[in-house]
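Just so it is clear, none of the values below were taken in a lab; they were calculated from the coordinates. Please read these numbers as outputs of a predicted model, since none were measured by experiment. Neighbour counts are summed over all protein chains in view; Cβ atoms, including those assigned to glycine, are modelled from backbone coordinates with ideal geometry.
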């Protein structure tokens, strides 16, 4: 642990850093993903590991995006042994799906990752933390600077608990930073680079409200469900992702709030311009922001005092007494597949290819009072409901409702919700019956899942291994 | 007595598969304008196979066939023979076209009034056998007149009025023209309300996201339902053709109208 307000050693080139640190004995390395596809730091650092031919690397990125090409190079060179992450997509995901790793792929949740780092279960030698705005004392925020990326939530545990903490920046300033997200007292080095990334690349997937009629219908069913369950009430709390349907639900909930003159207490998780709009319109008291999904959300962190960046631990670590999501009333989540036991898969597709991961899926499903999965009943030509999901990302006991365009299934464990909906006009079916409606169009697809060679595991926030990932 | 009529292109499996999820009272599967000439046969095949396998209780299905003077007309009718559809939507409304269709089928017909000539002859069209409603087709109508559509819609006020009056006179549904700006909910609400106030009973649409607003406009409000219940109750209690309620005279047409409101409310579970 360093000292507050003490100047941190500034390094001008990565070679200089590894003149001071032995690269081959520091092979457990971590990164955050806040710059997403705009990130230049991961490739920059890993190119050095590639050049130095370091073997047995254990990688701990909070997520892996398609442009993280150096990871693929290192895997192909046989230099990476294990990867522990929360989300994986793109060429690295495809390669691991078909080839595995010498060690294993561990898929954690956002809260689980924070917990494992804090509790020492994930031992990180060096955390390389891209920061767009940092001063000589090592204090940093993510929402300022030319290449800003918003909240630095996922990097906070690394910035405190890694053995060596390196801030990587292109914007070292000389002024004090009030309320920094990253506190300089924990930082060992500041590594200067030409550019940490491109802000334009941070926008996450679909961050626009869907206009697709099926998505609109699902959102409508969801908002009616929430209303009939009496969940949209003064002081309620809410989380939705950045997917088009989730955002449409947020819009429909907003309409109900305006009509009923209701103010929410907080929204949490990934924040978009739509959440910011509601904050600025006085419809919600606070935004707890663990990652910004668009540029408007980043700008809001600058101007809105009640838009609060939080760490991944504060957000979702089950052992953190101030965990935000323990007070979460409603979470709206997606699904690649859901099964008769309400287990949800967002890790692999139906061909077992890695396409994502929990992120905060299992965290929020576990803690929220009501967790709603929104999904088309049929995706392309494949029903979303199966008798057993390809990979369990979130346990069915934590999922309460599935809302589709053709009807809603309530988890039989939630007798209270079923009772409340006794007189509803909504179409409520047992999940098997909802599946039968889909099969009426598609028939039952042949199960092609291979379960021969394990290449990875899904670790829940409780550290329980809830499923395995198999080589295709 | 339907509120909403949604056009769905006949050559789009993803839309056809979901025709019952959009909450439209009536679906009009389209073989005409939204299906290009080289896709007409595949649309017929798709719909024939689909409707042979699936049937629907909660939504009525009409098919807009190609006009009687097109080379597709007979093939369209043949493809739909023996399918469980509610009827046909016939473009370019004319007495001749309706009579030709009546020779081939005995199903209900909804002609689209979309030319100045059809407007002049709208009463003759409404009187024809099996005609159950009239749709106003403002896009083709204004195109033939060589005039532009405006937001205020004053250029179609006369046509709308004539069609609504005629349909009401012959006790058939009056279906307003679609509102083509699919992303303008406020404009749609205003346009649909204007149509309602002219006597239209329902509105056509070309986008599923418009159906909620249309259903809301053309459904009786809670106040109307409550008032209708009081009128019908008092009429049953007094057993008179005319009586006073809250100082207002209520006579047979008002009682009949109230009954229609309650019928509509029941049908739409309001």
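Odds and ends about this structure:
- Segment A:202-246 and segment A:436-472 have Cα centres spaced 26 Å apart.
- Gained length - residue A:200 relative to residue A:9, 0.36 nm times residue gap less alpha-carbon distance: 65.8 nm
- Residue exposure proxy: A:57, A:465, A:164, A:218, ordered by other Cβ atoms within 10 angstrom of their Cβ from fewest to most, comes out as A:465, A:164, A:57, A:218.
- Beta bridges by DSSP in segment A:213-448, antiparallel share as percent, to the nearest 5: 25 percent
- Helix-derived mean residue ellipticity, 222 nm - over chain A, DSSP H n ≥ 4, -39500 (n - 2.57), to 500: -8000 deg cm²/dmol
- Among B:50, B:243, B:200, residue whose mean-square fluctuation peaks in a GNM of chain B (springs only between Cα atoms under 10 Å): B:243
- Legend: P(r) of segment A:331-472 from all alpha carbon pair distances, 5 Å bins from 0, whole percents, reading 2, 10, 20, 23, 20, 14, 8, 3, 1, 0.
- GNM on chain B, alpha-carbon springs under 10 angstrom: the most fluctuating residue among B:109, B:165, B:254 is B:254.
- Distance between the C-alpha centres of segment A:122-152 and segment A:49-67: 19 Å, rounded to the whole angstrom.
- Within chain B, DSSP assigns beta bridges of which about 10% are antiparallel (rounded to the nearest 5).
- Take the Cα of residue B:139, go 7 Å toward its beta carbon, and the backbone nitrogen atoms of segment B:199-222 under 14 Å from that spot belong to B:204-208.
- Based on Cα contacts under 8 Å between residues 6+ apart, chain A shows a relative contact order of 16 percent.
- Chain B, relative contact order in percent, only Cα pairs under 8 angstrom and at least six apart counted: 16 percent
- Packing-based exposure ordering (other Cβ within 10 Å, fewest first) of B:267, A:273, A:453, B:40: A:453, B:267, A:273, B:40
- Dividing the helix sum by the residues of chain B, where each DSSP H run of 4 or more adds -39500 (n - 2.57), gives a mean residue ellipticity at 222 nm of -13500 deg cm²/dmol.
- Compactness index (Cα Rg / 2.2 N^0.38 Å), the protein assembly as shown: 1.14
- Fully extended contour minus Cα-Cα distance, from residue B:254 to residue B:129, at 0.36 nm per residue: 42.2 nm
- Computed E for residue A:432/residue B:103 - FRET, C-beta separation, R0 60 angstrom, nearest 0.05: 0.75
- Each of A:149, A:371 has some number of other Cβ atoms within 10 Å of its Cβ, and from fewest to most they run A:371, A:149.
- Between segment B:208-240 and segment B:143-198, the alpha-carbon centres lie 22 Å apart.
- Based on C-alpha pairs under 8 angstrom that are at least 6 apart in sequence, segment A:96-247 has a relative contact order of 20 percent.
- A straight chain from residue B:45 to residue B:185 at 0.36 nm per residue would run longer than the Cα-Cα distance by 46.9 nm.
- Most mobile listed residue (B:60, B:114, B:144) in chain B, GNM with C-alpha springs under 10 Å: B:144
- DSSP-defined beta bridges in chain A - what % are antiparallel, rounded to 5: 25 percent
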